[in-house]
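Trainee: Sharing a structure here in structure tokens format.
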Amino acid sequence: RRSGQIDRGAAILQQIQQTHPDDASNYVALAELLMNGDRNEQAARVLQEARLKFPDDLSVLFDLGAVYERQKLYADAEKAFKEVLARDPLHARALNYLGYMLADRGLRLQESVEYIRRALQVEPNNPAYLDSLGWAYFKMGRLDLAEPNLRQAAADLPRDSVVQDHWGDLLSKLGRRDEAIAAWKRALAGDGEDIDRAAIEAKIRSAAKKAKK
């Protein structure tokens with residue numbers, strides 16, 4: 001996976017799946033490999049098959065929600081995450097994912113904050129969850145509440161491109177352009193996952209022009 005050999009990795013996992021057909025973790029591992037390679041339709045098929053075989057396995061259901069979100073099937077994703085939470089109300093990853101999914105689309109923002117805060121009650125100071133909470137507050141226009149959460153997340157996850165992009169957006173809103181440009185540059189130099197590089201480069205150019213005026 002790390003070397004980009006998705007087909008080879010999938011073949012290995014499929015062999016393991018055949019020799020251990022009653023282990024749900026093999027299906028989850030294969031689906032996550034396929035998602036990493038942006039093969040979301042294939043991943044969904046693997047997880048849908050796994051759900052029939054392992055209806056009580058929450059890791060299968062959670063990943064199914066994640067792959068639906070990647071496919072922009074938001075209603076299906078929300079349904080999957082809510083089913084996870086119906087079975088395990090303290091499932092922090094589902095709470096955070098659902099909250100962030102709503103916040104990122106600017107929907108039901110107070111509800112999204114409540115989900116993420118519940119995740120943080122389970123895993124206090126988790127930097128990914130702090131980023132989600134800060135981003136939800138940012139979307140609400142509550143920059144005062146967004147700032148401490150995004151600042152801590154950015155400090156804890158310096159290589160996370162999405163987190164650095166969020167931090168840059170907040171700094172820009174606060175008029176701290178030089179710091180915003182530095183954060184966006186860290187986003188471009190980071191893990192590169194789930195970001196629009198062209199959009200970030202455009203924000204850097206725009207902020208640099210404004211700084212010169």
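Trainee: For region 195-212, which residues satisfy the criterion of being of a type outside the set (Gly, Ala, Ser), in a helix (DSSP H, G or I) and surrounded by 15 or more Cβ atoms within 10 Å (Cβ to Cβ)?
Mentor: Answer for region 195-212, where residues must be of a type outside the set (Gly, Ala, Ser), in a helix (DSSP H, G or I) and surrounded by 15 or more Cβ atoms within 10 Å (Cβ to Cβ): 200, 203, 204.
Trainee: Quickly run through region 17-54 and pick out the residues that are assigned to a helix (DSSP H, G or I), open to solvent by less than 80 Å² (accessible area, probe 1.4 Å) and either among the aromatic types (Phe, Trp, Tyr) or without any contact (Cβ under 8 Å) to a residue 12 or more places away in the chain (or both).
Mentor: Result: 27, 42.
Trainee: Consider residue 14 against the criteria (1) under 24 Å from residue 128 (Cα atoms); (2) open to solvent by 50 Å² or more (accessible area, probe 1.4 Å): it satisfies all of them except one. Which criterion is unmet?
Mentor: Looking at each condition in turn, residue 14 falls short on (1).
Trainee: Go through region 83-100 and count every residue that is among the polar types (S, T, N, Q) and out of contact with any helix residue (DSSP H, G or I) (no Cβ under 6 Å at 6 or more places or on another chain).
Mentor: 0
Trainee: Can I ask one more? Given region 74-181, what helices (runs of 4 or more DSSP H) lie entirely inside it while holding 2 or more residues that are under 23 Å from residue 40 (Cα atoms) and open to solvent by 10 Å² or more (accessible area, probe 1.4 Å)?
Mentor: 74-87, 92-104
Trainee: Shifting gears a bit: Could you tell me which numbered condition residue 192 fails, if it satisfies all but one of (1) open to solvent by less than 40 Å² (accessible area, probe 1.4 Å); (2) touching an Asp or Glu at 6+ places or on another chain (Cβ under 6 Å); (3) of a type outside the set (Phe, Trp, Tyr); (4) not in a helix (DSSP H, G or I)?
Mentor: (2)
Trainee: Right, here's the next one. Does residue 103 satisfy the criteria of being of a type in the set (Gly, Ala, Ser), within 26 Å of residue 81 (Cα to Cα) and out of contact with any helix residue (DSSP H, G or I) (no Cβ under 6 Å at 6 or more places or on another chain)?
Mentor: no
Trainee: While we're here: From the list 144, 194, 160, exactly one residue is modelled with pLDDT of 95 or more, within 21 Å of the chain's Cα centre (by Cα) and not hydrophobic (A, V, I, L, M, F, W, C). Which is it?
Mentor: That would be 160, the only listed residue that is modelled with pLDDT of 95 or more, within 21 Å of the chain's Cα centre (by Cα) and not hydrophobic (A, V, I, L, M, F, W, C).
Trainee: Out of contact with any Pro (no Cβ under 7 Å at 6 or more places or on another chain), assigned to a loop (DSSP other than H, G, I, E, B) and open to solvent by less than 60 Å² (accessible area, probe 1.4 Å): which single residue out of 4, 9, 65 fits that description? I'd like the intermediate steps shown before the answer.
Mentor: Values: 9 fails: assigned to a loop (DSSP other than H, G, I, E, B); 65 fails: assigned to a loop (DSSP other than H, G, I, E, B).
Going through 4, 9, 65 in turn, the sole match is 4.
The values are calculated or read from the model by the stated rules, or taken from the named source; none is laboratory data. These figures come from a predicted structure and were not determined experimentally. Backbone-built Cβ (ideal geometry, glycine too); neighbour counts: all protein chains shown. To get the accessible areas, we keep the full protein, side chains included, count just its heavy atoms, and leave off ligands, DNA and RNA. Shrake-Rupley method; radii C 1.70, N 1.55, O 1.52, S 1.80 Å.
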